[in-house]
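**Student:** First the structure, which I've put down as structure tokens, then a few questions once you've had a look.
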Amino acid sequence: MFGNKKDQKVEKTKSKVETIIGTGTKIEGDIYTKGSLRIEGEIEGHIKAEGDLFIGEGGKVKTEIEAQNIIVAGTASGNITASHKVEILATGKVSGDIKTKTLKIEEGANFDGSSTIIKNKGEGINSLKREANKAKKEAAATNQ
């Protein structure tokens, strides 16, 4: 209730986390989890989480990352893909490209890369249908 928004975000993420890579832990290799993951140590390798991913202030990641929501308070080097949201907190540093529906970068954060906003699946399908119908109409008009 009292405190800043950053502390509330960290607490929210802590309550959902099934796996924690602690401070002083270094992993070289791929990680896959069906749940959420919090990283306070170092990881080199591909990370895929079906849940959320939180990189703590002491966390250092050199990898490709895929998750639903990704919050970066530490350092991430590599491309990031989030099905919902990527948030880079004021202490966060990201070097790599980001693909997500929503991107939030706090003042003071560092981001070196490009970002691509992913549209909702339904929007993509509807636009393809519209383009196909337009092409059919143009073909029909040409044949007359």
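The values are calculated or read from the model by the stated rules, or taken from the named source; none is laboratory data. Computed from a prediction, not measured in an experiment: that's the story for all the values here. FYI the Cβ positions are ideal-geometry reconstructions off the backbone, even for glycines, and counts take in every protein chain you see.
**Student:** Being surrounded by fewer than 22 Cβ atoms within 10 Å (Cβ to Cβ), farther than 18 Å from residue 19 by Cα and either under 8 Å from the mean Cα position of the chain (by Cα) or of a type in the set (Gly, Ala, Ser) (or both) is the filter here; which residues of the stretch 50-97 pass it?
**Tutor:** 77, 78, 81, 83, 84, 85, 87, 90, 95, 96
**Student:** Which residue pairs have Cβ atoms under 6 Å apart, sit 6 or more places apart or on different chains, and have a first residue in the stretch 112-125 that is more than 16 Å from residue 84 (Cβ to Cβ) and polar (S, T, N, Q) and a second that is assigned to a loop (DSSP other than H, G, I, E, B) and at pLDDT 65 or above?
**Tutor:** If the second residue must be assigned to a loop (DSSP other than H, G, I, E, B) and at pLDDT 65 or above, the pairs left are 114/97.
**Student:** Within the stretch 54-108, how many residues turn out to be among the hydrophobic types (A, V, I, L, M, F, W, C) and part of a loop (DSSP other than H, G, I, E, B)?
**Tutor:** 3
**Student:** Could you list, in sequence order, all residues of the stretch 19-37 that are farther than 19 Å from residue 58 by Cα and charged (D, E, K, R)?
**Tutor:** 30, 34
**Student:** A further question on this structure: Considering only the stretch 37-66, state which residues are modelled with pLDDT under 95 and of a type in the set (Gly, Ala, Ser).
**Tutor:** 45, 49, 51
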